[in-house]
Structure formats: structure tokens, C-alpha cells
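Beneath this line is the structure, given in C-alpha cells, with notes to follow.
What follows is calculated from the coordinates using simple rules that are stated; it is not laboratory data. Note that the structure is a prediction, hence the values are computed from the model and not measured. For neighbour counting, all protein chains shown are included, and Cβ atoms are generated from backbone atoms with ideal geometry for every residue, glycine included.
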């Protein structure tokens, strides 16, 4: 496996772990879990924290200028703090709940920062930003156009959301049929959205394939 593939895999893993961290924290704060559920949450988060800590240690070990690395990246150690740990009860006993919450938020912030940094790198290397921008622009523009042409005629179109639903159906070729055009202009929007969906999907496959080809070792 090439160094580039390892980095992409590492970034993807960190993104997944960051999302897991946020979901765990929100679930604990909103559901007040107890018993086996709380124990499972703590075990999962400790495992996530250990992976973040191990990843930081590996990057520190591989760095040639370890002192400079620590100066620039010391804050990432916060990602290794368990968001839901067994220290909760002890801190409550010491009346340091507010301080503990600050530490929890800082931990999640550190993981989120790593998430966005890794996501930006993947987007840049796979041209995903262009695909997302094109997809978003087509969805919003097509939804507005469909809603404008159908709103006063079509009983299935009562809001922008109905237009967005129609665009999502046609661009993905699902064809559920809950919202359908009744005007010539609306049908034209539907036809264009079908072609746009096929083109955007084709570009996505092309960019990913091109990226994977570039990662293949060149024959000497």
C-alpha cells in the first residue's frame, strides 16, 4: 500500500472516529443513559481516544523536528481525552462539573478540527469539492425553477421542499412519483435534472478512477 493510500485511509478513519465522538456526546447529554448502555458508551469512547492518542504518538515519532511538531500540534493531544470516561463521577464529587464540561467540549473540538482538516485534504485530492458544489448548485437551482413553474398549477407542489424532493428523485433516478411535473417548463426541468444527475455521477466516477490510477505504482 502506497504512502498516499495510507494517508487517505488514516484521514477517513479519523473522520469516522470524530463523528462517532460527537454522536456519543450528544447521545449521552440528551438521553442520560445508565447501566450497560452507559458502560458501552464509555468503552467505545475510550477506544476512540486511544486511537487518537496512538495516531498522535506515531506522527510525533515520525517527525524529524519533534520540538517544532509539539509546538504546532500540542492541542491535538486533547483529542485523546475520553469524552465519556469513568472520571465523571469523581469530578462530580469534587464539584468540578463545569471544568469537566469544558474539557469535554475541548476534546470534541479537537477531534472536530482534525475531522475538517482531514476532510479538506480528501476533498482536494479527489476533486470532491467541485462535485459537491456542482451537485448543490444544480439541486438548489433546479428546485427553485421547478417550484416557480409548478407552484400555482401543480397540487403536488406547495413549497420549495417539494421542488427539492422532485429534483432529488429525478437526479438519482429513483422515480418515487410523489411529486411530478404538470407544465411543459416543469417537465423540461425534470429532463435536464435527469441528464445533470447522470453527468455529475459520471464526473464523480471519473475523478475517483483518475485518483486511484494516479496512486498505482509506475512501472520502471
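Laid out as a table, the results:
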read-out	value
Taking segment 126-172 and dividing mean pair separation by its residue count, relative contact order in percent (alpha carbons under 8 Å, at least six apart)	36 percent
Approximate spin-label separation residue 185-residue 212, in nm, with each point projected 7 Å along Cα-to-Cβ	4.3 nm
Simple label model, 7 Å out from Cα along Cβ direction - residue 67 to residue 123, nm	3.7 nm
Enclosed volume per residue, in Å³, of the convex hull spanned by Cα atoms of segment 128-215	75 Å³
FRET efficiency, 1/(1 + (r/R0)^6) with R0 30 Å, evaluated for residue 199 and residue 153 via beta carbons	0.55
Relative contact order of segment 128-215, pairs being alpha-carbon contacts under 8 Å that are 6 or more residues apart, as %	30 percent
